[in-house]
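Trainee: Dropping the structure in here first, questions after.
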Amino acid sequence: MSIRLLTQATRRNTRLSILNGAIMIGTTNSVASPDLVMTAFAAHLTSNPLILGLIGPLQAATWSLPQIWTVGWLQRTRRALPMYNYAALLRMVGWIVLTVVVLLVNDATILLGTLLAFTIIGGAAAGVAGLPFTEVIGKIIPPRQRGLIFGWRGALGGVLAVFGAQVVVFFTGPGARFDFPINYGLLFAFAGFTQMFGFFSFSLVQEPDADADVHHPKLSTEVVRSIWRSDSNYRHYVQGRTFFELSSMANGLVIVYANQVLGVRLELAGTYLLVSSILRPIFSIGAGRLSVRVGNRLPVAVGLIAQGLGWALLLIAPLVGVHGSAAEYYLVPVYSLIAIQKGLIFSNLMALGLNVTPETERALYMGTLNTWIGVVSIVGALSGVIAKTIGFEALFGITMVLSCLSAWQFMRLREDWDRIRS
């Protein structure tokens, strides 16, 4: 195949990757947002902070945990895309079941149980797809361009999320034309349809075959220990990711805290989502462009500092007497800082991981990491228990410190610029 044809194939794959990412990001960050939409839906069914704090971290945990079992399969196969497609099909079945139940059932227990089952099963299916997705991206996107491509994915996804936020406001806002739970059922139908289109776009990527002559070490505890002891760069990345996941465990409780403590109406969740959706793409593409010059670690660290400032604002709120209508305005900068963090982190965190792990052992390194993050997310799933035991303010104080620790670990990383520039 000529250089020209190789370039055309790369461009086609890049466009499909950006389209898939934009659709999936736009959906997840708006009409299927676990921190806002899913949690707000659950808040109509229960006031238990344990359950409400479980939704976001539980989805993250079920995404990460299955990945350790896909490492061996990926090491033995030339292509990872078929595994992604099978998992995508299961995720679509989950969306259909959730939508049908919400549209046809009014019992709060059944609705809440279905939501939790969807979170677990859908998250696990997404986890099975996660490592094949990473492997395909690693094959088709040149190292130096990864931050930029993820930036464009995030930016276009953010633009779609702005539209999605309007859809959320239309179905669930103060002037919604549909009663609960029909409004959420229609919202979930829209989310499932858009994600189906995203899955289909990525299935059209032309994935090159992996090198079958490479000998891969078999996954074992000893191999993982050896990597941990010998690769300080990878060790800093794992530690940074660990602190990051724990620092984000209270994201879903912001709207709960605002409602129960500061007197903010739940109907404003869509408005805050709109603010976040507008800011995220701006910082996503900015971080992607910056990464071509300075690498990915600086934007990631800045994003974590922004998140820490958001937690600091929440800690200050009771001290300055913010409540009611004033609190509803006060949450705008809080969600703005969280949006900045997500915009910067999304563009560069995965690119950073791909750039600090060996190309030939990407599945081993990333699969091990993601499964560990799943274990960490289980701790994050206890955010509701922590909030109920020591209070929301103590939880936000802990996450603020963890944000700073994560930023420090990422700044200690070294990216292989000789390889990235090649």
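The values are calculated or read from the model by the stated rules, or taken from the named source; none is laboratory data. All values derive from a computational prediction rather than experimental measurement. Here the Cβ is made from the backbone with ideal geometry for all residues, glycine too, and neighbour counts use every protein chain on show.
Trainee: In the range 387-397, how many are surrounded by fewer than 18 Cβ atoms within 10 Å (Cβ to Cβ), among the hydrophobic types (A, V, I, L, M, F, W, C) and closer than 16 Å to Ala312 by Cα?
Mentor: The total comes to 1.
Trainee: Would you confirm, using the coordinates I've provided, whether Thr77 is under 27 Å from Thr46 (Cβ atoms), out of contact with any Leu (no Cβ under 7 Å at 6 or more places or on another chain) and among the polar types (S, T, N, Q)?
Mentor: So Thr77 fails the test.
Trainee: Between residues in the range 386-406 that are over 21 Å from Val302 (Cα atoms) and residues that are hydroxyl-bearing (Ser, Thr, Tyr), which pairs lie under 7 Å by C-beta distance while being six or more apart or on different chains?
Mentor: Phe392/Tyr257; Leu395/Ser383
Trainee: For the range 343-373: of the residues being farther than 10 Å from Ile68 by Cα, in contact with a Ser or Thr (Cβ under 7 Å, 6 or more places away or on another chain) and polar (S, T, N, Q), which is surrounded by the fewest Cβ atoms within 10 Å (Cβ to Cβ)?
Mentor: In this case the residue turns out to be Asn348.
Trainee: Go through the range 306-334 and give me each residue that's assigned to a helix (DSSP H, G or I), farther than 19 Å from Met400 by Cα, touching a residue at least 12 places away in the same chain (Cβ under 8 Å) and among the small types (Gly, Ala, Ser).
Mentor: Ala327 - this is the single residue of the range 306-334 that is assigned to a helix (DSSP H, G or I), farther than 19 Å from Met400 by Cα, touching a residue at least 12 places away in the same chain (Cβ under 8 Å) and among the small types (Gly, Ala, Ser).
Trainee: Give the residue that is modelled with the highest pLDDT, with candidates limited to residues of the range 35-54 that are surrounded by fewer than 21 Cβ atoms within 10 Å (Cβ to Cβ) and more than 17 Å from Val264 (Cβ to Cβ).
Mentor: This residue is Leu45.
Trainee: Is there any pair linking a residue in the range 240-254 that is assigned to a helix (DSSP H, G or I) to one that is of a type in the set (Ser, Thr, Tyr) and at pLDDT 80 or above, with Cβ under 7 Å and at least six apart or on different chains, and which?
Mentor: From residues that are assigned to a helix (DSSP H, G or I), the pairs are Gly240/Ser406; Phe243/Ser406; Phe244/Ser406; Ser247/Thr399; Ser247/Ser403; Ser247/Ser406; Gly252/Thr39.
Trainee: Let me spell it out: the conditions are (1) within 30 Å of Thr368 (Cα to Cα); (2) modelled with pLDDT of 85 or more; (3) among the polar types (S, T, N, Q), and Asn251 meets all of them except one. Which number is the exception?
Mentor: (2)
Let's see how each residue does on (1) small (Gly, Ala, Ser); (2) modelled with pLDDT of 80 or more; (3) buried (at least 19 other Cβ atoms within 10 Å of the Cβ); (4) assigned to a loop (DSSP other than H, G, I, E, B):
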{"site": "Ala155", "(1), (2), (3), (4)": "yes, no, yes, no"}
{"site": "Ala165", "(1), (2), (3), (4)": "yes, no, yes, no"}
{"site": "Pro174", "(1), (2), (3), (4)": "no, no, no, yes"}
{"site": "Phe180", "(1), (2), (3), (4)": "no, yes, no, yes"}
{"site": "Gly185", "(1), (2), (3), (4)": "yes, yes, yes, no"}
{"site": "Phe193", "(1), (2), (3), (4)": "no, yes, no, no"}
{"site": "Arg235", "(1), (2), (3), (4)": "no, yes, no, no"}
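Trainee: Quick check on Thr70: is it farther than 21 Å from Ser33 by Cβ, among the hydroxyl-bearing types (Ser, Thr, Tyr) and at pLDDT below 75?
Mentor: In short, no.
Trainee: Would you kindly identify the helices (runs of 4 or more DSSP H) lying entirely within the range 336-422 that contain at least 3 residues that are modelled with pLDDT of 80 or more and within 30 Å of Ile278 (Cβ to Cβ)?
Mentor: 392-411
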